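The values are calculated or read from the model by the stated rules, or taken from the named source; none is laboratory data. Here the structure is a predicted model, which is why all the values come from computation and not from measurement. Please note: Cβ atoms are built from the backbone with ideal geometry, for glycine as well, and neighbour counts cover all protein chains shown.
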């Protein structure tokens with residue numbers, strides 16, 4: 001039972017850290033519509049139900065609050081804010097369960113760590129499956145180590161289903177938790193492990209029967225890379241050097257774990273850590289195209305942060321002294337301030353991008369029509385982040401905040417001519433995003449009212 005006495009300094013501090021993330025989520029709610037983030041939100045609003053693709057059902061959790069808002073008929077601005085908040089309130093809710101029910105009094109720091117470690121641009125594309133699987137891995141681990149009961153089984157079933165049906169690397173991380181638990185407890189809890197296996201087998205069978213073209217394409221591209229001799233030692237080395245900069249904090253924590261395992265002569269734990277770190281790094285490297293800082297590469301290497309969270313040997317364990325805990329928290333606070341500063345700086349850049357898009361929207365509202373093509377130089381002035389393939393999605397969402405009749409769709413020349421997608425446009429449809437054309441009647445009329453019309457080209461002399 002929860003009591004206000006539990007609101008000690010550390011609990012309040014962890015809440016305060018989440019509070020900072022909540023404030024940032026509200027301030028930058030428009031910027032958090034980038035790429036996949038805006039795509040899934042607009043899909044959800046139009047279809048009236050959380051959008052799930054590639055059988056990754058955990059995506060529904062990322063759209064829960066905005067779906068409630070859309071179902072309740074809230075204004076679009078409120079839905080956008082709820083969407084941004086959803087990505088912080090979910091790990092916050094997991095933190096409260098872990099702290100109040102499972103008495104895990106330091107897990108809030110781990111959950112906050114997962115919100116900021118190796119993440120900069122990724123903060124503005126927050127619906128990534130692994131960002132949701134990570135808190136659930138902590139929750140499942142706590143449930144597996146708790147006493148039996150109906151509530152425990154509900155948590156196990158809920159967490160394991162969404163973990164195992166999310167990103168494929170989540171399965172590896174869950175296996176890391178089970179191996180670690182076995183090495184520490186020296187026993188297997190057969191009923192629970194059997195349930196996990198059955199869920200995994202069912203999901204795998206379903207994905208085999210109805211394979212995802214996206215996942216099949218990724219696998220095919222990687223295999224083709226092996227056939228072409230693409231993956232040389234130098235190729236892997238470049239990506240490992242890139243990883244050491246991108247995921248420095250996670251690598252440091254994993255290294256500390258290895259040192260502790262050596263000191264305690266826990267050689268099996270040491271070997272397990274090496275194997276899982278190498279395996280996850282290998283898979284991440286295969287999915288890293290260019291070694292450049294981007295939200296995609298941040299997400300590709302993010303599992304190392306989760307692994308560090310899983311394997312870190314008792315950073316806040318009860319057997320350590322209060323002095324050690326205080327020092328560890330102080331170090332974490334410095335890390336949090338540093339990472340939050342990087343995220344804010346990135347947010348300022350994207351705020352300039354948003355302001356530029358809103359100025360374009362304001363200028364184009366003075367003209368006839370709802371569908372426009374602007375040059376790439378207008379959409380992406382020097383010094384600003386690029387337009388991205390989600391530009392049409394973002395323009396729809398931001399313009400419709402002023403009302404459904406105010407909605408306009410803006411794409412760049414690159415979007416318009418991409419793979420000759422423009423040849424599919426006929427006046428009764430519109431460019432949903434660079435890769436897809438949708439009929440006008442597919443939009444949610446409560447939030448977007450689009451009239452038939454052709455795309456109008458705007459030259460570079462657009463002034464605002």
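A few remarks follow.
- For residue 367: the one exception among (1) in contact with a helix residue (DSSP H, G or I) (Cβ under 6 Å, 6 or more places away or on another chain); (2) farther than 19 Å from residue 34 by Cα; (3) part of a loop (DSSP other than H, G, I, E, B): (1)
- Residue satisfying all of: in the range 328-355; buried (at least 18 other Cβ atoms within 10 Å of the Cβ) and closer than 21 Å to residue 34 by Cβ; nearest to the chain's Cα centre (by Cα) among these: 343
- Among residues of the range 185-213 being in contact (Cβ under 8 Å) with a residue 12 or more places away in the chain and within 27 Å of residue 271 (Cβ to Cβ), the one that is surrounded by the fewest Cβ atoms within 10 Å (Cβ to Cβ) is 193.
- Listed by position, the strands (runs of 3 or more DSSP E) enclosed by the range 382-464 that each have at least 3 residues that are touching a residue at least 24 places away in the same chain (Cβ under 8 Å), under 20 Å from residue 366 (Cβ atoms) and within 30 Å of the chain's Cα centre (by Cα) are 409-412.
- When residues in the range 380-397 are screened for being at pLDDT 90 or above and crowded, with 23+ Cβ neighbours inside 10 Å, 7 of them pass.
- Taken together, the residues in the range 223-270 that are under 25 Å from residue 309 (Cβ atoms) and not in a helix (DSSP H, G or I) amount to 4.
- Lone unmet requirement of (1) assigned to a loop (DSSP other than H, G, I, E, B); (2) surrounded by fewer than 22 Cβ atoms within 10 Å (Cβ to Cβ) for residue 151: (1)
- Candidate set: the range 364-377, residues that are closer than 16 Å to residue 353 by Cβ and at pLDDT 90 or above; chosen: the one surrounded by the most Cβ atoms within 10 Å (Cβ to Cβ): 374
- Residue within the range 303-315 that is in contact with a helix residue (DSSP H, G or I) (Cβ under 7 Å, 6 or more places away or on another chain), under 23 Å from residue 28 (Cβ atoms) and either at pLDDT 95 or above or part of a helix (DSSP H, G or I) (or both) present: yes
- Of all the listed residues (225, 229), the sole one being at positive phi, assigned by TED's automatic domain parsing to the domain that holds residue 280 and exposed (fewer than 14 other Cβ atoms within 10 Å of the Cβ) is 229.
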